[in-house]
Amino acid sequence: MRIGILGAGQLGRMLTLDGMRLGHEFSLYDPAGKASAGVGTIYNDPDGQHLGTFLNETDVVTYEFEHLPLELVNRIATEKPVHPVPRALQCCQNRTLEKALFRDLGISTAPFEVVASAEELQAATQRLGGRVVAKSATEGYDGKGQAVLDSPEQAPQAWPRIGCDTAIAESFVAFRRELSIVAARGQDGEMAFYPLAENIHHQGILRFSIAPAPHVTPELEDQAQRMIRTLMNELGYVGVLALEMFETEEGLVANEMAPRVHNSGHWSQNGAVTSQFENHIRAVSGLPLGETAALQPTCMINLIGETGPVAEILRLPYTHLHLYGKAGRSGRKVGHINILADSLEELRWRAMNTASLLPECPEFDWRP
């Protein structure tokens, strides 16, 4: 089977590498003309001249990121099977649709309002009370397009930073930690759930993921699985879906979902029986899903801006280095490291030791 991937960045690269082991062939199509995957047949096609060729040589199409022209994906869906369904992409491209979907399905979220001006943001902040986070309805990621307001009077200064005509204003969630769940759903409705991961962000960018997240009760795990199961069934979803959440005293509060393989699931490449990338390819190609159990406690460290001292990293016997073949740039994800250990305390020491080698990496001060 030849699988077409919309987007040709690091996620497309890792999907292709895992899928080739299953005997599949790949074509990657980048409508922005900024492909960096460096594997498979790649079409850099900002003018749309090669779309017909791409479709003619593919049996099924998937995508590696959500910032795609929805019109393009809907057009492709009239000619080829597209997984996940375009509706999932549509909801994730617009926070107003995403929040409405959560609300309609009974998935807990922070109280929120939709605003379209500084004046509306100020009024919403007044009604919501307390601290408020304003997020652009579209295009925001890795902390971009967001502003935190401590009072309604800050709205005029905050609005230009959001950089969008419409935004979501939501109450700040007093959370214990940030968690995520990654799950896969096959064409026959079969589902597989990865253990919850604990995520640590720095300056709006994910820097560390620890999986399985420690101190997760069966009730909390069940709540997370029910939330993501509800979403996948509602959407008729096929492929890997990620759901980011806050853990609070009252339970889990959904933050946002991603209709693709996810940064917080990269640990599964070395720390799980089947990686999220392989399971996504299994799902979209109609194969049975693989086992998602964790092999050992694992920590994923993102490499941001530059790869760091590769030789020194590889001298550590417990590191698994994944580089994306991308030029270094401030704030850019250029690779990640997976670290496995027999215990959480050993994992903490190994992650601290590894992080100390990396330029501009925040201190790993996590404790199990």
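The values are calculated or read from the model by the stated rules, or taken from the named source; none is laboratory data. Just so we're clear, the structure is a prediction, and the values are computed from it rather than from any experiment. No Cβ is skipped: glycine too gets one built from the backbone with ideal geometry, and neighbour counts run over all protein chains shown. In case anyone asks, the SASA skips ligands and DNA or RNA and just uses the protein heavy atoms, side chains included. Shrake-Rupley method; radii C 1.70, N 1.55, O 1.52, S 1.80 Å.
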Full extension between Asn233 and Arg315 adds, at 0.36 nm per residue less the Cα distance, a length in nm of 25.0 nm
On the formula 1/(1 + (r/R0)^6), with r taken between the Cβ atoms of Ala123 and Asp188 and R0 of 35 Å, the FRET efficiency rounded to 0.05 is 0.15
Cα-based Rg/(2.2 N^0.38 Å) for the chain, rounded to two decimals, is 0.97
Note, segment 311-321: 3J(HN,Hα) by Karplus (6.51, -1.76, 1.60, θ = phi - 60°), whole Hz, Gly/Pro = x, goes 4, 5, 4, 6, 5, 6, x, 10, 9, 10, 9
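Whole-Å semi-axes of segment 317-357's equivalent ellipsoid, largest first, each the root of 5 times a Cα gyration tensor eigenvalue?
That gives 24, 11, 7 Å for the three semi-axes.
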Cα-based Rg then Dmax for segment 159-205, in Å, read 16.6, 46
Between Arg176 and Gln49, Cβ-based FRET efficiency (R0 41 Å, step 0.05) works out to 0.20
Computed on Cα atoms only, the convex hull of segment 173-254 has an orientation-averaged projected area in nm² of 5.7 nm²
Note on segment 220-362: contact order normalised by length, alpha-carbon pairs under 8 Å, 6 or more apart, percent, works out to 18 percent
The ³J(HN,Hα) series, computed from each phi in segment 209-220 with the Karplus coefficients 6.51, -1.76 and 1.60 at θ = phi - 60°, rounded to the nearest Hz and given as x for glycine or proline, is 10, 10, 9, x, 4, x, 6, 9, 6, x, 5, 5
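Go through segment 106-165 and name the GluC sites (Glu not before Pro) that are in a DSSP coil and have 15 or fewer other Cβ atoms within 10 Å of their Cβ. Walk me through the numbers before you get to the answer.
Details: sites: Glu113, Glu119, Glu120, Glu139, Glu153; in loops: Glu139.
Answer in residue order: Glu139.
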Of all C-alpha pairs within segment 128-276, those more than 28 angstrom apart amount in percent to 25 percent
Of the listed pairs Lys34/Lys99; Lys34/Lys326; Lys34/Lys333, those with alpha carbons more than 20 Å apart are Lys34/Lys99
Full extension between Leu70 and His202 adds, at 0.36 nm per residue less the Cα distance, a length in nm of 44.5 nm
Of every hundred units of 1.4 Å-probe accessible area on the chain, the number belonging to carbon and sulfur atoms, as a percent, is 47 percent
Label model pair Met352, Arg2: point-to-point distance (7 angstrom along the Cα→beta-carbon line) in nm is 5.3 nm
Here D for segment 20-143, in µm²/s, from Stokes-Einstein with a Kirkwood Rh over Cα pairs at 37 °C and 0.692 mPa s, works out to 189 µm²/s
Residue by residue through segment 350-357, the couplings from Karplus 6.51 cos²θ - 1.76 cosθ + 1.60 with θ = phi - 60°, in Hz, x for Gly and Pro, are 5, 5, 4, 5, 5, 4, 5, 7
Quotient of Cα radius of gyration and Kirkwood radius for segment 1-79, i.e. Rg/Rh, equals 0.92
Per the rule of 0.36 nm per residue minus the C-alpha distance, extending Thr96 to Glu360 adds in nm 91.6 nm
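How big is the Cα convex hull of segment 219-277 in projection, averaged over all directions, in nm²?
The number I arrive at for segment 219-277 is 4.6 nm².
Keeping all protein chains in place, calculate the accessible area per residue for the chain (probe 1.4 angstrom), answer in Å².
So the chain comes to 41 Å² accessible per residue, rounded to a whole number.
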